[in-house]
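Read through the structure below, which is laid out as structure tokens, and then see the notes.
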Amino acid sequence: MKNLITQFYKGILLILLLVVFTGINAQSKIRKSSLATSDFLLTVQNLTQTATNVLEFDVYMLNTKGSAQIFELATMQLGFLINESIHSGGILSLSINNTGSGLDPTIQFKMAAVPMIVSPLNIYPTKTLIQQPGRIPQGSGSGSIISDIAPGTRLVHYILTNSVDFIANTVPDLSFISTSEPSKELYVTSISEYINGWNTNLMVTSGVDATVNGNPVLNPTISAFSISGGGSYCQNNSGLPVDLSGSEVGITYTLYNGATALTPTIVGTGNPLSFGNQLAGTYTVKGTMAGSFGSMDMTGSAVITENPVVNPGVSIVVTQNPINANIPVTFTATPTDGGTSPTYQWYNGLNPVGSNSAIYTDNNPTDGEMISVTMISNAPCADINPVKSNTITMSVSLGTSLEINKMSIDIYAVDKSIYLKSSQKLRQVYIFNAIGSALIMESNVTGIKKFDMNSYPFGYYFVKIVTDNDVFSQKVLLK
């Protein structure tokens with residue numbers, strides 16, 4: 001009896017399931033179609049890395065029947081495979097931002113009620129499965145109309161996030177899963193269209209009517225090349241070049257002066273690059289790949305300095321002038337902005353004398369020689385080279401040299417002055433004119449004494465010298 005009751009309830013349950021199934025089929029009018037590429041095109045667009053651990057992409061559907069025929073989407077589910085190596089060591093999660101979608105997400109997709117699924121597959125050891133469940137269709141007239149203008153209607157925007165950074169230099173290899181995929185573990189892509197009121201399942205073939213546009217390299221490693229250049233340039237010049245020893249195709253190289261990025265940037269060619277002449281600063285270079293995250297600092301830097309323009313000059317002095325004949329004199333050159341090792345050439349009139357030195361000694365100066373020097377500065381930004389010094393005209397008197405009782409006395413005239421130089425003190429010194437009139441008298445004269453004769457005419461004069469033991473006179477010509 002118990003067995004009979006059990007069989008009765010099983011029969012009732014079977015009838016109820018049949019009624020429900022028949023009702024669903026009657027509402028949805030489901031039928032299968034062998035159509036594959038004649039009605040639609042699914043595409044993944046804007047597959048872009050937006051952070052070191054975030055990959056985003058859009059799925060679009062295009063009505064390929066043309067504007068004369070409407071494509072009413074009944075429902076769909078999406079299945080993708082993605083390269084597992086991009087997230088090795090991390091955990092993937094998937095979210096949706098459907099702002100701007102052409103679908104009613106509460107009808108076309110299960111979103112809030114059923115979370116997105118990202119799960120690894122044993123039968124595809126290098127792939128990870130992404131599942132997007134669909135909802136039960138609501139009947140003809142309630143579906144979304146798919147655009148026939150490329151790229152079509154945006155269905156969904158996915159945000160795929162890894163718990164750590166994506167593995168460098170990996171590629172997502174994102175692909176749709178075909179409806180005909182035989183593996184039961186896969187969640188295939190399925191499209192249903194209302195055709196003549198019937199909910200019609202369409203075949204989806206990956207790579208034919210379901211394609212992925214672009215698969216970027218994630219966190220690409222960029223080679224670091226060496227920066228060259230630098231040095232000093234002179235003020236008001238155009239600066240110095242900054243170069244890069246190599247480059248990679250597809251990498252954009254940006255020159256920085258300190259923290260400031262300069263323009264224009266340069267796209268790598270596979271060859272060395274030059275950023276042209278740059279003014280004073282410290283220069284570095286970063287390489288970035290278009291559409292990718294992160295950058296690579298190139299090796300080293302170029303430091304450029306600007307030197308001011310300088311005006312070299314040189315002046316000379318002599319140890320004694322006027323001077324008596326046969327007394328050596330030394331000329332000394334003092335440079336201005338001469339650099340670290342200026343070059344000298346001394347001249348007596350137009351004749352080169354001396355050596356390449358800032359000092360020149362004339363052992364026997366002569367009665368008008370004109371001494372000067374030219375200097376070549378090795379300062380980095382000298383605006384004039386060579387430069388010439390002032391000229392010193394020597395006043396040299398032949399004079400008279402006396403040796404009396406071990407006393408040395410020199411008497412000479414230069415430029416309307418009479419000079420007397422004595423090795424010992426003299427009691428008196430007198431100066432007489434040619435007719436014997438006393439003009440000047442000085443007592444206790446030592447060393448060098450100058451007698452100014454500017455108020456007297458040129459001609460001969462007599463110098464009388466009185467010592468403790470002797471008196472003597474000497475004639476001097478003033479001219």
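Would you mind checking Lys425/Lys475; Lys416/Lys475; Lys388/Lys421; Lys388/Lys449; Lys425/Lys479 for any pair whose Cα atoms are more than 26 angstrom apart? Could the numbers behind the result be given before it?
On the way: Lys425/Lys475 21 Å; Lys416/Lys475 15 Å; Lys388/Lys421 34 Å; Lys388/Lys449 34 Å; Lys425/Lys479 28 Å.
Violating the 26 Å limit, Cα to Cα: Lys388/Lys421; Lys388/Lys449; Lys425/Lys479.
If N is the number of residues in the chain, what value comes out of its Cα radius of gyration divided by 2.2 N^0.38 Å? Walk me through the intermediate numbers first.
Working: Rg = 52.8 Å, N = 479, 2.2 N^0.38 = 23.0 Å.
Relative to the rule-of-thumb radius for its length, the chain sits at 2.30.
Under unit Cβ charges (Lys, Arg +1; Asp, Glu -1), what dipole magnitude, rounded to 20 debye, does the chain have relative to its Cα centre? Mind showing how you got there, number by number?
On the way: 23 positive and 29 negative charges, 128 e Å.
The calculated dipole for the chain is roughly 620 debye.
Quick one: Cα convex hull volume of segment 323-479, Å³ per residue?
Enclosed volume per residue, from the Cα hull, is 137 Å³.
Which one, Ser226, Val309, Leu160, projects farthest toward the positive side of the charge dipole computed for the chain from Cβ point charges (K/R +1, D/E -1)?
Among Ser226, Val309, Leu160, the one farthest towards the positive end of the dipole of the chain is Leu160.
Please compute one quarter of the surface area of the Cα convex hull for segment 313-396 and express it in square nanometres. If you can, show how the numbers build up before the last one.
Working: hull surface 19.7 nm².
About 4.9 nm², averaged over all directions.
Please list, in chain and number order, the residues 5+ apart from Ile251 or on another chain whose amide H is under 5 Å from its amide H, with Hs placed from the backbone.
Gly268
What residues qualify as long-range amide H neighbours of Gln428, i.e. H under 5 Å apart, gap of 5 or more or another chain, H built at 1.01 Å from N?
Close amide H contacts, sequence-distant or interchain: Asn444, Val466.
Evaluate E = 1/(1 + (r/R0)^6) for Thr299 and Asn271, where r is the Cβ-Cβ distance and R0 equals 22 Å; express this FRET efficiency to the nearest 0.05. Before the final figure, lay out the partial values.
Values: r = 17 Å, r/R0 = 0.78.
Between Thr299 and Asn271 the formula returns 0.80.
How much net charge surrounds Asn321 when only the other residues with a Cβ under 14 Å from the Cβ of Asn321 are counted, with Lys and Arg +1 and Asp and Glu -1? Write out the running numbers ahead of the final one.
Details: positive: Lys450; negative: Asp362, Asp367, Glu369, Asp415.
That works out to -3.
Within 10 Å, count the other beta carbons around each residue, average over each peptide in 338-344, 117-123, 163-169, and list them highest first. Intermediate results must be reported in sequence, preceding the final value.
Details: 338-344: 16.7, 117-123: 12.3, 163-169: 14.9.
Going from most to least packed, we get 338-344, 163-169, 117-123.
Please give the length that would be gained between Met370 and Lys425 if that part of the chain were fully extended, namely 0.36 nm times their separation in residues minus their C-alpha to C-alpha distance (nm, one decimal). Write out the running numbers ahead of the final one.
Values: separation 55, 0.36 × 55 = 19.80 nm, distance 3.43 nm.
Here the segment from Met370 to Lys425 would lengthen by 16.4 nm.
Explain nothing, just the number: relative contact order of segment 165-250, from Cα pairs under 8 Å at least 6 residues apart, as a whole percent. Each step should come with its number before you reach the end.
Values: 108 pairs, mean separation 24.9, N = 86.
Relative CO of segment 165-250 lands at 29 percent.
What is the set of long-range amide H partners of Thr75 at a cut-off below 5 Å, with H atoms built 1.01 Å from backbone N?
Sorted by chain and number, the residues that satisfy this are Ser192.
Could you derive backbone 3J(HN,Hα) for segment 445-453 from the dihedral phi with the Karplus parameters 6.51, -1.76 and 1.60 (θ = phi - 60°), listing whole Hz in sequence and x where the residue is Gly or Pro?
Per-residue couplings from phi come out as 8, 10, x, 9, 10, 9, 10, 6, 10 Hz.
Just so you know, all these numbers are worked out from the coordinates, no wet-lab data involved. Please read all numbers here as calculations on a predicted model, not as lab measurements. Every residue, glycine among them, receives a Cβ derived from its backbone with ideal geometry; neighbour counts consider all protein chains shown.
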